[in-house]
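Notes follow the structure.
Just so it is clear, none of the values below were taken in a lab; they were calculated from the coordinates. Bear in mind that the values here come from a model prediction, so they are computed numbers and not experimental data. Using ideal geometry, Cβ is built from the backbone for each residue, glycine included, and neighbour counts are taken over all protein chains shown.
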Amino acid sequence: MVKIKICGIKRFEDIEIVNRYKPDYIGFVFAKSKRKVSHDFASKLKNKLDSDILAVGVFVDADENEILRLYDEGIIDMAQLHGNESDEYILSLKEKTDYKLKIINAIEMHENIDLTIYNNSHADYLLFDSGKGSGITFDWNLIGKNLDKEFFIAGGLDISNIPLVIDEFNPYGVDLSSSLEIDGVKDENKIKEIIEVIK
């Protein structure tokens, strides 16, 4: 079964909704974004999150210590990296958490990209997107067939195209955010509908 990640959780109401419909992961954005949450507020949200749902911290070129602190304090269970973080940076995070911190390395998709260079990455998963939370689809055929890593697909996924993406590319997971919102706020009906379609 494909995993479901709902990113950009920023309200207690969002937590109540995801606790009802049980995606596999939710995302707290700590990078500059309209969905950014503070460490303190993310902690309060995490305290109310169902323990079966993993919290992913989303970062762009963050200081290593920020990620380690959020992990050590139990605010995040995983880290998703959207900047220019090197494989050495990823390895350092893994080593400093005794390899317990799972890491998703986000890749901005473009023509001529060679994804096989990530086969030996220390990241646990890859995430393919058209940009940093752009909400726009990319050419899915860029994914190719020669990947050793499990991957998430993000960017412009909604009720109309997600069955095709899952059938065609068999991703480990799908990452959703803006398509589940109305006026910038997560909508319960949209979340319920897309989880029912996926499951």
Quiz prompt | Counting DSSP beta bridges with both ends in the chain, the antiparallel % (nearest 5) | solution = 5
Practice problem: Between the alpha-carbon centers of segment 111-184 and segment 89-105, tell me the distance in whole angstrom. | Solution: 22
Practice problem: Report the local net charge at Glu95: Lys and Arg +1, Asp and Glu -1, summed over other residues whose C-beta lies under 12 Å from its C-beta. | Solution: 0
Practice problem: Could you point to the label whose value was computed as Rg and Dmax of the Cα atoms in Å for the structure here, given (i) 15.8, 43; (ii) 16.8, 61; (iii) 16.7, 50? | Solution: (i)
Quiz item: How much mean residue ellipticity at 222 nm does the chain get from its helices, if each DSSP H run of length 4 or more adds -39500 (n - 2.57) and you divide by all residues, to the nearest 500 deg cm²/dmol?
Solution: -8500 deg cm²/dmol
Exercise. Could you work out which residue, out of Phe59, Phe152, Phe169, moves most in a Gaussian network model of the chain, that is, has the largest mean-square fluctuation with Cα springs under 10 Å?
Key: Phe169
Quiz item: When a footprinting reagent is the concern and you count Cβ atoms within 10 Å, what order do His110, His122 take, fewest first?
Solution: His110, His122
Exercise. Could you pull out the pairs from Lys48/Lys96; Lys46/Lys192; Lys22/Lys46 whose alpha carbons sit more than 25 Å apart here?
Key: Lys48/Lys96
Self-check item: Kyte-Doolittle mean at least 1.0, axial Cα span of 20 Å or more - DSSP H helices of the chain
Solution: none
Quiz item: For the chain, what's the relative contact order in percent, using C-alpha pairs closer than 8 Å and at least 6 residues apart?
Solution: 19
